[in-house]
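**Student:** Take a look at the following structure, please.
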Amino acid sequence: MNRTLTKITLIMLLTLLSACVAAPKKDLALDRVRGELDDLKSNPELAGYAPLAVGEAERALRKAEMASGDDLYRSYLVYMADRRIQIARTMAEREQNEQTLDKLEREHSEMLIQASQLEADQARRDAEQARLLVATTTEDAQRAEQEKEQALLNEAESARAAILSAEEADQARRLAESRASEAEYARLEADLASQQVSTLTRQLENLQLRETESGVVVTLGDVLFASGQAQLVEGGRSSLEEVVDLLQTEPNKKIRVEGHTDSRGEAAANLLLSEQRAKAVLEALVSLGVAADRISSLGMGEDFPIDTNESEDGRARNRRVDVILLDN
Amino acid sequence: MKPILIVLVCLTLAACSTVRPDPEIFVVAEQAIQAAVAAGGDEFAPVEMRFAREKLEVAKKGMEKEKYQVSMYLVEESEINAELAIEKSRTAKTRRRVNELRKSNEELDASLRATFGGEFK
């Protein structure tokens, strides 16, 4: 009885001990490993990565959980399951890092692409700037050219003004002279008038004549010169003979030869051309017998049209040389 | 393949624990450690490398004392530590490249920002 009781007590104690010590110990180790796997699967950063390794860890863990047998074997299985989970975790981390690497590489190339685009933009802007600089320089050159032309124009203008004032002075002197000898003048005038009438009547048929405030103007049309040239065309000289005849009817009157152009082309060039043409006509007139000291020439450029510059006919009329018999 | 074969062999052997294991399993375990060394295990996973080496040493001693079953488990545990060391080394290298590239991108970003100012996004 006593021995039986002792036996039963011992068995109960052993059972209790094994329940208290052995079994819970095993569960704790397994629970910890199960917790590790659950943690890996629910980790928001790692979930879904390395599915094969996670599956392998899952199998190893289940095997440990279902194992029956000695403690050594079961703790071996738990250990293996734990390592499998570690392997799965580190592989998941790697896959996640590889994705990050891809993203960083993409960002890297995107930055380089953007940089090259910006560089291209910069180069384009630089080129534009250079082009602008060239344009500005060209503009400066053009402005300088214009200023030069203007200076030339001003020079010609002042030369003309000088001539005009000299003529005015001349006229004043002549007026004084003529007043001093009024009687003689009146008689001379009567003579000249009668001469003039007959001469002009004769010449009017062939020459374009106009009465202006300055005096009688003989207009030589644009047949004397080739386009853009300042030399008389062949035969131009002989056509001037009639003009000379007319001029010689008024030997005491000063003569002004004025060149005019139409408005095509540069004003400065036109002024120069008109000057040269006027001079050519003057020289021709002198060579035909007009006294050199009573004749002067002047380029008027395009500024004194007698007709419109909008039509070819008008322009043809504007291209002319006026020979003016100046009234005293 | 090899670890799986070994596992199968060991499981078979585990049933009959008194059978002396094939000495080939130590060669395989040693090769696993060498592979882990080659992968950079000593640098990137020194703890796992130490476990792998120690467990293999204990397994060899267990053979001398004819504790075949324990030795076979320890060889397994040594191998899986070598495997973990390899994986950890690879992951560490990848992480290092991520950090390098991140730094390089930050530098590039800063330099481009300095060059192009607000135009760069």
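**Student:** Quantify how strongly other chains surround peptide A:85-93 by giving the mean number of their Cβ atoms within 10 Å of each of its Cβ atoms.
**Tutor:** The mean count of partner-chain Cβ atoms within 10 Å per residue comes to 5.
**Student:** Moving to a separate point now. According to a simple spin-label model (label point 7 Å from Cα along Cα-to-Cβ), what is the distance in nm between residue A:66 and residue A:238?
**Tutor:** 13.6 nm
**Student:** Further question: Order the peptides A:161-168, A:89-96 from the highest to the lowest mean number of other Cβ atoms within 10 Å of their residues.
**Tutor:** A:89-96, A:161-168
**Student:** Further question on the same structure: For n ≥ 4 DSSP H runs only, could you compute -39500 (n - 2.57) per run for chain B, divide by its residues and tell me the 222 nm figure to the nearest 500?
**Tutor:** The helix-only estimate for chain B comes to -29000 deg cm²/dmol at 222 nm.
**Student:** If I take every Cα pair under 8 Å that is 6 or more residues apart in region A:209-328, average their sequence separation and divide by the length, what percent do I get for the relative contact order?
**Tutor:** 39 percent
**Student:** Let me ask something else about it. Restricting things to alpha carbons, find the Rg to Rh ratio for region A:39-140 using the Kirkwood radius for Rh.
**Tutor:** 1.62
**Student:** Okay, moving on. Highest first, please rank the peptides A:139-146, B:68-75 by the mean number of other Cβ atoms sitting within 10 Å of their residues.
**Tutor:** By packing density, highest mean first, the sequence is B:68-75, A:139-146.
**Student:** Still on this structure, please answer the following. Rounded to the nearest 20 Debye, what is the dipole magnitude of region B:20-119 about its Cα centre when Lys and Arg each give +1 and Asp and Glu each give -1 at the C-beta?
**Tutor:** Charge dipole of region B:20-119: 180 debye, to the nearest 20.
**Student:** Could you work out the relative contact order of region B:20-119, using alpha carbon pairs under 8 angstrom and six or more residues apart, expressed as a whole percent?
**Tutor:** Relative contact order here is 33 percent.
**Student:** Charges on Cβ only, +1 for Lys and Arg, -1 for Asp and Glu, centred on the Cα centroid of chain B; of B:74, B:56, B:89, which one is farthest towards the dipole's positive end?
**Tutor:** My answer, from the dipole projection, is B:89.
**Student:** Starting from the Cα of residue A:29, move 7 Å in the Cα-to-Cβ direction to define the label point; list residues of region A:77-111 whose amide nitrogen is under 17 Å from there.
**Tutor:** Residues A:77-86 fall inside that zone.
**Student:** If you don't mind, there's one more thing I want to ask. Which of the peptides A:307-313, B:40-46, A:63-69 is most tightly packed, and how do the rest follow, judged by the mean count of other Cβ atoms within 10 Å per residue?
**Tutor:** B:40-46, A:63-69, A:307-313
**Student:** Enter the mean number of other protein chain beta carbons within 10 Å of the beta carbon of each residue in B:86-99, as an integer.
**Tutor:** 5
**Student:** Can you list the lysines whose alpha carbon sits under 16 Å from that of residue B:55, skipping same-chain ones fewer than 8 residues off?
**Tutor:** Straight-line reach from residue B:55, under 16 Å: B:65, B:67.
**Student:** Here's another thing I want to ask about it. What's the extension gain from residue B:35 to residue B:97 if we count 0.36 nm per residue and subtract their Cα-Cα distance?
**Tutor:** So the chain would gain 20.2 nm between residue B:35 and residue B:97.
**Student:** Go through A:41/B:121; B:61/B:93; B:60/B:88 and tell me which ones have a Cα-Cα distance over 31 Å in this structure.
**Tutor:** Violating the 31 Å Cα-Cα cut-off are A:41/B:121; B:61/B:93.
**Student:** Explain nothing, just the number: dipole magnitude of region B:63-121 about its Cα centre with +1 on each Lys and Arg Cβ and -1 on each Asp and Glu Cβ, in debye rounded to the nearest 20.
**Tutor:** Here the size comes out at about 360 debye.
**Student:** Count, for each residue of A:58-70, the Cβ atoms from other chains sitting within 10 Å of its Cβ, then give me the mean as a whole number.
**Tutor:** The shielding value for this peptide is 1.
No value in this document is a laboratory result; all are computed from the given coordinates. From a predicted model like this one, the values you see are computed outputs, not experimental measurements. Using ideal geometry, Cβ is built from the backbone for each residue, glycine included, and neighbour counts are taken over all protein chains shown.
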